[in-house]
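Enquirer: The following block contains the structure, expressed as structure tokens.
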Amino acid sequence: MHAISTLAQTDSSQKKNPRIITVPKKKPNSTKLELVYKTVEYTGRRSNGSTYTNIVDVPFVRINDKKPVEIDRKGKLLMDYYSRCPQAQDLINKMHKQQRAGTAIMISGCVVGVVTAFSGLIASAGEGKSGSPFMVRFGIGAGVATVATFTAWAKTRKSKEYLHQSVDAYNANCYIPPVKDSTATPAPVITSATNTPVSPKKYYQDTILYELLRNEPAASGLSGISLHLANVDIGPNLNIGSGIGVFYTYRSLFGASLDYNYAFLDNMGDKSGNKGKPGPNQSWGLPASYRKANRLELRTKLLLTSWEKQSSYHVVAGTTKIGGSTATVGGRIKARKLKGITLRTGFQLDNRVMDPDNSGTQMSSFVTSTPPYQYHVDGQVEELSRNLSSSTAMLHSGIAAVGIGLSTFTDLKVAFKDETYKGRSEEKTQHDLYIDMLYAPVLKVEDMIFYQSLYEQGIHMPQRLDLSPTPLSRAGARLGYSVMGMNNHFGIRYNLELGIRPGIKGNNISSNAYLQITAGFIFGGRFNH
């Protein structure tokens, strides 16, 4: 209620009292609303147990400059303030309409798509036809479901735009700020909701207090063991395996690691399937002493020069529930990191089966100094032919490596001094980007047992072949990137490497090219020497 005071005129003959005229007026909207967004990293879990993350902007509302509060999907929190603001109510109703339409399209589209897709399977089975009806209807059904999903996403995006516009309409048309001057009563600016300008997005992040306990990247020594859950080697011998290793770093000055990897699935690129003894009418050679691919490797790095710089660390304070999902709460803080140039050396013992006939390789065939079997026909000497290109043999390598790398050392430990989030966060990582030259002083193709088929008799004549004359390439190179990170006493380690290995000489430089991916867990600790 606003009070308006007026004074009547007075003269000498009559004295009149002032009167107060009270004009009823609707109570204004004096609550200030500000729409802000928080960038949230959702963490979810698939049915197979693996986790995934999704980064989205979640809308919050700041009421009278207080701490922002999350807005629910229906916007019920805002509707309490929109009761006296028809412009904002109209936009929030449009938001609800878009949400309902998106849900209906998503459900109906997926149901129709699934029914259409599998109706083709029923038709194919019932009529005894080929899979063509199923493939056609499956494609149509998948298309319907895809269109429905995209349309529902567009409706959801439009509903979020209406939510944003509703707050702008409320502030432009219905909100009256507090009056500092009691003699002035500002009136709201009345415009149509559709003409209300849309404000840019404002982002809000919680402030979490913390205490820096440690930031010593130059003294970040690590030691422990590593379990290689997966080691994938893509090359002339495609194999998948696992392994184990140990590692040690003295401050940031020197580091060493010793790793052993063993292939459980070996020579997967063998297109002819000749891993076993050939059939009665087939001839090929097999390793005299077959072993699955394995590698024992020692790597060292020595810091040549280094420098420290201020950089950002990502720390995680905990988790919270936003929008019914688990969200990771974290942020970035400024602290020191160490970068340096390192001298790298190493040596590896590598054993792997080689097959020149593998698909995609340009490897030369094996060469032997063992003469072929001979037989006499009509008084003439004939030789049994041998096709070594379809045979396999073991390659034993001792490869030395020397190179240079760019290493990054991080070391940080903080304690949270916040009302909501307690505890500590710790990070210790070592990143290495490197390039190495390779040379194999030890490189040998081991003997082969060639099974020569005597087609008419249906038996084989095995012969041991000396493959030492096989042309070899002893030089190679590799480019790689490795990361080893640890929180407290547990962490991850992975390595990505691309290169050319020493091996059997090929028709081009890519004959011995490989891509190697290793990933696993590490267990250990930090040693501040």
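Enquirer: With the condition kept exactly as written, say whether any residue in region 219-229 is modelled with pLDDT under 90 and part of a helix (DSSP H, G or I).
Expert: Taking every residue of region 219-229 in turn, at least one turns out to be modelled with pLDDT under 90 and part of a helix (DSSP H, G or I).
Enquirer: If you don't mind, there's one more thing I want to ask. Farther than 20 Å from Arg295 by Cβ and not in a strand (DSSP E or B), is that true of Ser407?
Expert: Against the criterion (farther than 20 Å from Arg295 by Cβ and not in a strand (DSSP E or B)), Ser407 does not qualify.
Enquirer: Identify, please: which residue in region 230-269 is at pLDDT 90 or above and in contact with a Ser or Thr (Cβ under 6 Å, 6 or more places away or on another chain) and is, among those, surrounded by the most Cβ atoms within 10 Å (Cβ to Cβ)?
Expert: Gly255
Enquirer: Does any residue in region 377-400 that is over 26 Å from Asn281 (Cα atoms) and modelled with pLDDT of 80 or more come within less than 7 Å, Cβ to Cβ, of a residue that is part of a strand (DSSP E or B) and basic (Lys, Arg) six or more places away or on a different chain, and which pairs are these?
Expert: These pairs meet every condition: Leu395/Arg352; His396/Lys444.
Enquirer: Could you please give the count of residues in region 189-218 that are modelled with pLDDT of 65 or more, among the hydroxyl-bearing types (Ser, Thr, Tyr) and in a loop (DSSP other than H, G, I, E, B)?
Expert: 2
The values are calculated or read from the model by the stated rules, or taken from the named source; none is laboratory data. Model, not experiment: these values are computed from the prediction. All Cβ positions, glycine included, derive from the backbone under ideal geometry; neighbour counts span all protein chains shown.
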